[in-house]
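The values are calculated or read from the model by the stated rules, or taken from the named source; none is laboratory data. As the structure is a computational prediction, the values presented were derived from the model and not from experiment. All Cβ positions, glycine included, derive from the backbone under ideal geometry; neighbour counts span all protein chains shown.
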Amino acid sequence: MFIPYKDENPTRRFALVSFLLIAANCVAYAFQVLGPGGFDAVTSRFAFNPTALGGDGAFWRAGTLLTLVSYMFCHGGFFHLGFNMLFLWIFGNNVEDRMTRGRYLAFYLIMGIIAALAFAAYSPGEDVPLVGASGAVSGVLGAYLFMFPRAKIHVWMLFFTVRMRAFLFLPIWFLLQLSGLSGGDDRIAWISHIAGFAAGALLFALFTAD
């Protein structure tokens with residue numbers, strides 16, 4: 001276990017967009033569970049699938065383009081949702097605080113789209129649906145690292161907790177994603193985490209408020 005549960009990094013204003021994103025993810029998950037056709041049917045409809053990048057023009061269909069966004073709000077299970085929303089709340093509120101709310105929302109969605117495209121490029125033509133906010137949230141983590149490198153993160157590690165600076169915790173988290181790519185659980189889209197984090201670290205300055 002290597003799970004953050006809070007940081008020591010106050011904000012100047014309420015993180016409205018992060019709160020609304022968390023609410024939207026929770027509502028979307030409820031729809032997955034309770035929607036017509038059941039969990040699998042709803043999830044399949046709104047997931048992003050790499051086969052959409054085939055040469056038949058399917059990628060440019062409106063429904064396919066929609067899944068580049070809708071997949072971020074679907075999750076494979078309750079714990080998948082819970083961990084993503086925990087990370088989003090811990091790190092997203094401060095990143096949002098340094099951007100305008102509109103820019104932060106754009107940043108979040110663009111990071112998620114980049115993560116999905118990276119997943120498709122890594123698994124070209126494979127019929128493997130992608131769901132989850134992980135890629136977009138990873139972009140938030142990448143931004144946080146460079147915005148608040150000295151912020152203290154409280155981390156749960158098995159039977160004890162520690163405080164770590166962001167410049168230590170987040171690179172370790174990133175290295176864990178890299179190791180997962182070579183031998184981790186194949187149900188986890190490691191490449192999306194990696195691409196989202198890298199994109200967030202490289203592009204966050206384009207979204208910061210003047």
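Return the only residue of 52, 47 being surrounded by 16 or more Cβ atoms within 10 Å (Cβ to Cβ), over 23 Å from residue 153 (Cβ atoms) and touching a Pro at 6+ places or on another chain (Cβ under 7 Å).
On the way: 52 fails: touching a Pro at 6+ places or on another chain (Cβ under 7 Å).
Checking each option against the conditions leaves just 47.
Filter the range 184-198 down to residues that are more than 19 Å from residue 126 (Cβ to Cβ) and either at pLDDT below 95 or exposed (fewer than 12 other Cβ atoms within 10 Å of the Cβ) (or both), then give me how many there are.
0
In this structure, does residue 7 turn out to be at pLDDT 95 or above and either surrounded by fewer than 19 Cβ atoms within 10 Å (Cβ to Cβ) or over 18 Å from residue 187 (Cα atoms) (or both)? Give the steps one after another, and end with the answer.
Details: at pLDDT 95 or above: yes; either surrounded by fewer than 19 Cβ atoms within 10 Å (Cβ to Cβ) or over 18 Å from residue 187 (Cα atoms) (or both): yes.
Yes: the conditions hold for residue 7.
Given the residues 86, 65, 21, which is the only one that is surrounded by 13 or more Cβ atoms within 10 Å (Cβ to Cβ), assigned to a helix (DSSP H, G or I), free of Cβ contacts under 8 Å to residues at least 24 places away in the same chain and not hydroxyl-bearing (Ser, Thr, Tyr)?
On the way: 86 fails: free of Cβ contacts under 8 Å to residues at least 24 places away in the same chain; 21 fails: free of Cβ contacts under 8 Å to residues at least 24 places away in the same chain.
Just one listed residue meets the conditions, 65.
Against the conditions (1) free of Cβ contacts under 8 Å to residues at least 24 places away in the same chain; (2) within 16 Å of the chain's Cα centre (by Cα), where does residue 132 fall short? Just the number, please.
(1)
Out of 80, 75, report the one residue that is modelled with pLDDT of 95 or more, surrounded by 13 or more Cβ atoms within 10 Å (Cβ to Cβ) and outside any helix (DSSP H, G or I).
Numbers: 80 fails: outside any helix (DSSP H, G or I).
Among 80, 75, only 75 is modelled with pLDDT of 95 or more, surrounded by 13 or more Cβ atoms within 10 Å (Cβ to Cβ) and outside any helix (DSSP H, G or I).
I need the full set of residues from the range 156-183 which are on the phi > 0 side of the Ramachandran plot and surrounded by 21 or more Cβ atoms within 10 Å (Cβ to Cβ), in order please.
Matches in the range 156-183: none.
With (1) in a helix (DSSP H, G or I); (2) at pLDDT 95 or above; (3) within 11 Å of residue 131 (Cβ to Cβ) as the list, and residue 44 as the residue in question, which single condition is left unmet?
(2)
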